[in-house]
Amino acid sequence: MAKNGMKVMDSDIHVMEPADLWDQYVEKKFHDQRPQWGPRKTEWGELDAWSFADRAFPAYMDDPRRQRFAKVRTDKAKERHVADGRDDLQGDNPKSMLMAMDVEGVDVSIVFRTLASHFIAVDGLDPKLSAAVCRAFNNWLGEFCAEDTARLKPTAIIPLQNIQESIIEARRAVNELGAIALVLPNHPVNETPWYDASFDPLWAEAERLGVPLAFHGIQNAYQEHLGKRYIDNFAMAHASGHPVEQMLSLGCLLTGGVFERFPGLRAAFLEGSCGWVPWWLWVLDERVEKFTDRTQFPLKRPPSETFREHCWVAMEPDEAGVAETITAGGDSNIVISTDWPHDDSAYPHAINTFLALDALSNDSKRKILWDNCASLYGL
């Protein structure tokens, strides 16, 4: 296709799971426990919501404060979409996704979940049930991407409540379904930092499979999550639940020696912008030099050097500050996403907006639009 003579790879496009996915794809053994849409009684009255594991989804949707900011978000999105002339393409079928890619000029998209990661973001969730939800979604997404395997590349969610279950599903999704990345949350699971040795078998399997870890936030969770501090302020909940949680997950991997133990591992940090990267790497370098116990974390290099070899971050299409990020750390670790079809995405102007950033050279634009993403995902 080539947009302005440049190939484009979307590092993080999304599906919107159809309501009947869980009815059709959750195995019979777990069917009675599947996510279900419908009336839900709360202490504030009855509402229509997703119910799973005795909870409302997205997390805390049965709280009136959560309902209020959901309405504000929807109303503001409608105003923007009218102003942008945005069409009503839906993310629950591949033909709509391919049409949206054509509008943006995207050649290849790496396809991510939306609601599915919310359902499994519950500490204490039965690992077998979590695995069943992951299998259901991954099977559906594999069929979705089969519409055009050259342009649509699936990722996989995994049941992190149990590492062995995660390994089993990661192996199946990659080997049988063609998944090219393992999707993880930015926030902690079971209140455990990502450098904890309990995750090492999973990192070893990702390294063996040759697929990257793709850290991608959600707006809140029934787990430790910064968004819970700001349940009445969605701007703060979103700003912390994506970029700030992402900074912490990156910091865990870099200061905790994960890439030292698994030198073939790659990791992406998506939908959290990139302007914070130079400052955060400087902070981590400085703190590691002054405070790290090298008997616990025997780091051979400063975090900034490890980052450049193993990590990628996604910029926003209108993130003009990317020029300063490139000046500070180069342009080889930055990818881009349209975030279609989410209501806060830059569609249908994402790629044009990026190409209009005058401060970037064509060489940098070419790397961000294609080369870096191809390196990240091994394509």
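Remind me, relative contact order of the chain in percent, using alpha carbon pairs under 8 angstrom and six or more residues apart?
Relative contact order, the chain: 18 percent.
What list of ³J(HN,Hα) couplings, whole Hz, do you get for the range 334-350 from phi and the Karplus terms 6.51, -1.76, 1.60, once you set θ to phi - 60° and write x for glycine and proline?
Couplings: 10, 10, 9, 9, 7, 6, 4, x, 4, 5, 9, 6, 8, 4, x, 10, 4 Hz.
DSSP loop (so not H, G, I, E, B), at most 13 other Cβ within 10 Å: list which trypsin sites (Lys or Arg not before Pro) in the range 242-345 pass both filters.
Answer in residue order: Arg294, Lys300.
What value, in deg cm²/dmol to 500, does the helix sum -39500 (n - 2.57) over DSSP H runs of n ≥ 4 give at 222 nm once divided by the residues of the chain?
-12000 deg cm²/dmol, from helical runs alone.
Output the relative contact order of the range 111-255, whole-number percent, from Cα pairs under 8 angstrom with separation of 6+ residues.
Answer for the range 111-255 is 22 percent.
Most mobile of Glu46, Glu316, Glu245 per a Gaussian network model of the chain (Cα springs, under 10 Å)?
Glu46
Once each part is reduced to its C-alpha centroid, what is the distance from the range 304-346 to the range 153-223 in angstrom?
Result: 22 Å between the Cα centres.
Would you grab the residues whose amide H sits under 5 Å from the one on Ala121? Only those 5+ places off in sequence or on another chain, please, with H modelled 1.01 Å from N.
HN-HN under 5 Å from Ala121: empty list.
Picking from Thr255, Thr353, Thr74, which is most flexible by a Gaussian network model of the chain using Cα springs under 10 Å?
Thr74
If every alpha-carbon in the range 329-379 counts as one equal scatterer, what log10 I(q)/I(0) does Debye give at q = 0.15, 0.30 1/Å?
-0.44, -1.12
Would you please name the chymotrypsin sites (Phe, Trp or Tyr not before Pro) within the range 44-99 that are DSSP coil residues with at most 16 other C-beta atoms within 10 Å of their C-beta?
For chymotrypsin sites (Phe, Trp or Tyr not before Pro) across the range 44-99 that sit outside H, G, I, E and B with at most 16 neighbouring Cβ atoms in 10 Å, the list reads Trp44.
Using only alpha carbon pairs under 8 Å that are at least six residues apart, calculate the relative contact order of the range 230-379 and give it in whole percent.
Value for the range 230-379: 23 percent.
Over all distinct alpha-carbon pairs, what is the Kirkwood Rh of the range 32-142 in angstrom?
The answer is 16.6 Å.
Can you tell which of Val103, Val111, Val211 shows the greatest fluctuation in a Gaussian network model of the chain with Cα springs below 10 Å?
Looking only at Val103, Val111, Val211, the largest GNM fluctuation is found for Val103.
Coordinate-derived values only; no laboratory data. This one's a predicted model, so the numbers in the text were calculated from it and none came from an experiment. Don't worry about glycine lacking a Cβ; one is built from the backbone with ideal geometry, like all the others, and counts go over all protein chains shown.
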